[in-house]
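Worksheet: one structure, shown below.
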Amino acid sequence: MLVFRYDPAREDAQLQGLRDFIVPDVRRVPGFVAGYWTADHARSETVTFITFGSLRSAEAFAESTEELAPRQLTAGIELLSLRVVEIVARA
């Protein structure tokens with residue numbers, strides 16, 4: 001689970017970047033199963049859920065995401081939290 005804060009003044013460009021670059025790149029990550037990006041407009045935050053087929057894949061993705069965080073700041077996106085958690089139930 002990832003939580004990002006975004007710059008509302010740059011939201012249109014950030015959403016375009018999400019659709020054009022981030023989502024396609026995440027789909028190509030080894031072990032990727034599914035991804036969901038949400039928007040909390042009142043808080044200018046997005047909560048992202050990305051599932052992987054193995055803990056190893058999830059941890060590798062988390063590490064690379066943390067490494068990219070400083071670069072994302074230049075686009076007005078701040079990584080607030082990142083957690084690797086286990087899915088224990090599904091409906």
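The orientation-averaged projection of the convex hull spanning the C-alpha atoms of region 11-63 amounts to 3.9 square nanometres. The slack in the chain from residue 56 to residue 28, taken as 0.36 nm per residue of separation less the alpha-carbon distance, amounts to 8.5 nm.
Can you give me the convex hull volume of the Cα atoms of the chain, divided per residue and expressed in Å³? Numbers along the way, then the final one.
Numbers: hull volume 9.2 nm³, N = 91.
Roughly 101 Å³ of hull volume per residue.
Its Cα centre serving as origin, region 52-91 has a Cβ charge dipole (Lys and Arg +1, Asp and Glu -1) of approximately 160 debye.
Taking Cα centre as origin and charging only the Cβ of basic (Lys, Arg, +1) and acidic (Asp, Glu, -1) residues, the dipole magnitude of the chain rounds to 240 debye. For the chain, find the longest principal axis of its Cα atoms and tell me its angle to the long axis of helix 55-73, 0 to 90°, nearest 10. Roughly 10 degrees between the two axes.
For region 13-33, backbone nitrogen atoms closer than 18 Å to the point 7 Å from residue 64 Cα along Cα-to-C-beta are found at 18-33.
No lab work stands behind these numbers, since they all come straight from the coordinates. Keep in mind the model is a prediction, meaning the values are calculated, not measured. Cβ: placed from backbone, ideal geometry, glycine included. Neighbour counts: every protein chain shown.
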